[in-house]
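Here the structure comes first, spelled out in structure tokens, and everything after it is commentary.
Rule-based calculations on the coordinates, nothing more; no lab input. Quick caveat: nothing in here was measured; it's all calculated off a predicted structure. We place every Cβ from the backbone using ideal geometry, glycine too, and count neighbours over all the protein chains shown.
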């Protein structure tokens, strides 16, 4: 082929196109198959060839060229065409066609590329003689040509009006898509083309969303134009059209309307008279069905809050403006000023109310457990709180649970922003935190402030401020609460001063109501972290023991906290605990304290030994291992029991902090004798297991003596002693398997104890025993499940919590008890109903388990099915509904029940025919 084309070129060098048009046409058609295309171009541009004859062939030749491979040749063609301008109109038309052909090839090139600039200049020159609009329209029918058309219009603005008129008559989808991109860009450069916007309103009725969006973008530029002209009526007309599009059927148009309104607000192009109306409309989109629209709406509302027009106000709190009696007097000198103030406050209050409405929408969104726009919601609520919108404090508090999720960082950064803003504004940080403190506690907030302290967003000076405020006797509960939960260790002398101060205050209280509050302060203070451990018989330990002994009342939390603090701060906890028990035994009427302390000491000492074991295994400390105690029986028992001990209640699942660890504490290494030598890890584990299994409750330890008091207390005639004794007994059973088996029958009987508080605690203990001693406790699982029907609400509540925990860990099966769980949906207590609903929603994630539970409920034959079936309907799939109906049919349930299922599950008519047949057979 190459040789053939070479020969043909040689032949045609001496011939004009008019002499051998057929060969020229053949040669040009083979351009893409020839290596040296430049020779063909030189042959075509030969002066012997008339431009009119050459132009059509040049068009075909150009169409065969590649954009990248032949870019140099395309440039030569452009330069050649530029020199042909003075030829006939027909030739010029062909040249413009070729230029637009090249334009289509290079439209993806950069706007400032040499070939595009040269090409646009050439087209501009030809535009003086030849109309370009039709060529532009043809080019617009190709994909992605909007940018190059925009460049032509920018280069040759004189054709813009004719182009717009012609383009608007077209219906080609590709052309309209390109037009929707060209017109907004054109409106930025020459808005005068669009001032008669009525002719463009047809875009709003277009079936293509991009044409509707196009008009909205033009509106943004038109509003700015009419604003400069002072044409308010036209501005409002256009803004109204944009607002209407917030309800468009297509989400991208609603999104575009939001974008335009955001732009208008940023340009300050929306008048005061319409501002509130439009903000309310934007706030309504917070609950839009589409994520991208919701995100945009919330973002705009946050921006409006940050740039609110009431610059003189530090907050946006509502103002109460009462006119004076003289205001109606026209002679009053400040009458005009008062009127301005009144209108200002009315405007502020209305803005506040609108933001409150938007805040309510955001909370609805958050309550729906939204995940996609959580960041935008947190930002808006943070700003709402900062500017003191009504209800914002509660809204901000509702975010605190995020601290337990993967979105914790969003909440931390929000707090950080607020803290920094308050420091800059010299607003009290204590006043900020104080608003979220609750007497009953708030685990999420407590975790939050610990996280802030860990990241050093709360500095040392704030701790010092709290310390001084407390010693001055102000805000005792609030300062003690923050000092405790910030979690930053304080010096020993500071802790001593705080403890001494609260001790004096506590024992000077006369009224019972004041005692309850001061006791809360005391518990906070003694749980503050300290930087180092103290002597086992030092002033601080002695003060804690003395305070507990002196108290003429029993409060189990004070007893447990005192024990916990001693284990956390004493260099030798064992010695300190012996001192505590000895002091308690010396006092009359201290039996409850002793019994409560024994159970908690057992658990704390078990944790203490586990920490020692961990340190020994990591070679952090050395111990002497007595191999004689590691008998085959101990080894076998240890291996048969779940090594992962669980605490008996959430009280024991305390925070791991600097005080509750033995790491880096010289007091311990000084107290450990001998060396571990070559002892294996297995021997270490067995040794510590022996201590917990035998020594703690059966050896010479002080607990082996006091356990008898606990055992006897379970048979006491005093109900308080009885309840306290059972709780301590359950705790001691968690320590030793031997002690557990010895008292297991007592525990089983306590599940049906006549005292409801004993039953409530027994239910919690059952959960721990199923985790620790599953092989033994499993046979009495039915007692836990039957507790769901207990007459006491506390028992039912505890049973639900324990069952939920065990089900989620796949330790418990509820087969046979589904109806007992379902009936809690109509429990007389709201809290129980809500807990049951939550549990069933979790169970529904396991389809098989939910199917079994629902089948048992259906076949139970009780009257409650009609009251609960509606809740189950939304938790199971259509397939499961049909399967359950058929199984119910086979189990021969009453026709009335089948009709109820058919109606609730919305099953087809065929299944109902079976029910009718059953009715007929009766």
Based solely on its DSSP helices, what 222 nm [θ] is calculated for the chain when runs of n ≥ 4 H residues each add -39,500 (n - 2.57) and the sum is averaged over all residues, nearest 500 deg cm²/dmol? -20000 deg cm²/dmol
Taking r as the C-beta separation of residue 190 and residue 64 and R0 as 45 Å, the FRET efficiency to the nearest 0.05 is 0.75
In degrees, nearest 10, range 0 to 90: what is the angle between the Cα axis of helix 374-386 and the longest Cα principal axis of the chain? 70
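I'd like the per residue volume of the convex hull spanned by the Cα atoms of the stretch 772-922, given in cubic angstrom.
Values: hull volume 17.6 nm³, N = 151.
Spelled out: Cα convex hull of the stretch 772-922, divided by residues, is 117 Å³.
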Taking the Cβ of each residue in 307, 398, 269 as the centre, tally the other Cβ atoms inside 10 Å and list the residues starting with the fewest. 307, 398, 269
Normalised contact order of the chain, rounded percent, pairs of Cα under 8 Å and 6 or more residues apart: 4
Please work out the C-alpha center-to-center distance from the stretch 97-135 to the stretch 393-421 and express it in whole Å. 56
What is the Å³ per residue value for the convex hull set by the Cα atoms of the chain? 340
In whole angstrom, the spacing between the Cα centers of the stretch 682-705 and the stretch 532-599 equals 22
For a quick size check, give me the Cα extents of the stretch 341-398 along its three principal axes, largest first, whole Å. 43, 16, 15
In whole Å, how far is the Cα centre of the stretch 822-856 from that of the stretch 256-291? 43
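Given R₀ = 45 Å, FRET efficiency for residue 170-residue 848 by Cβ-Cβ distance, to 0.05?
Working: r = 60 Å, r/R0 = 1.34.
Calculated transfer efficiency: 0.15.
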Please give the helix 335-367 orientation as an angle from the longest Cα principal axis of the chain, in degrees from 0 to 90, rounded to the nearest 10. 70
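For residue 681 and residue 704, what is the calculated FRET efficiency with R₀ set at 35 Å and r taken between the beta-carbons, to the nearest 0.05?
On the way: r = 28 Å, r/R0 = 0.80.
So the FRET efficiency works out to roughly 0.80.
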Two decimals is fine: what is log10 I(q)/I(0) at q = 0.13, 0.14, 0.16, 0.23 Å⁻¹ for the stretch 155-201, from a Debye sum with one equal scatterer on every Cα and no solvent? -0.28, -0.32, -0.42, -0.90
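By counting other Cβ atoms within 10 Å of each Cβ, how are 821, 785 ranked from fewest to most?
Working: 821 22, 785 19.
Listed from fewest to most nearby Cβ atoms, that is 785, 821.
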How high is the relative contact order of the stretch 196-270, given as a whole-number percent (alpha carbon pairs under 8 Å, six or more residues apart)? 29
What angle do you read, to the nearest 10 degrees and between 0 and 90, between the alpha-carbon axis of helix 460-471 and the longest principal axis of the chain? 40
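Using only the Cα atoms of the stretch 399-531, build the gyration tensor, take square roots of its eigenvalues as a ≥ b ≥ c, and label the shape rounded, prolate or oblate: rounded if a/c is under 1.5, else prolate if a/b is larger than b/c, else oblate. List each step's numbers first, then the result.
Numbers: a/c = 1.94, a/b = 1.66, b/c = 1.16.
Judged from the Cα gyration tensor, the stretch 399-531 comes out prolate (a/c at least 1.5, a/b above b/c).
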Tell me whether the stretch 196-270 comes out rounded, prolate or oblate; compute the Cα gyration tensor, take square roots of the eigenvalues as a ≥ b ≥ c, and use a/c under 1.5 as the rounded threshold. oblate
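Got a sec? How would 792, 79 order by Cβ neighbour count within 10 Å, fewest to most? Each step should come with its number before you reach the end.
Working: 792 14, 79 11.
Least crowded to most crowded, the residues run 79, 792.
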Here, residue 444 and residue 614, labelled 7 Å along Cα→Cβ, have an inter-label distance in nm of 2.9
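Pulled fully out, how much extra length does the chain show between residue 834 and residue 138, if you take 0.36 nm times their separation in residues and subtract their Cα-Cα distance? Mind dumping the intermediate values first?
Working: separation 696, 0.36 × 696 = 250.56 nm, distance 6.61 nm.
Going from the current span to full extension adds 244.0 nm.
Defining a contact as two alpha carbons under 8 Å apart and six or more residues distant in sequence, what relative contact order in percent does the stretch 513-576 show? Working shown, then result.
Details: 40 pairs, mean separation 28.1, N = 64.
Across the stretch 513-576, relative contact order equals 44 percent.
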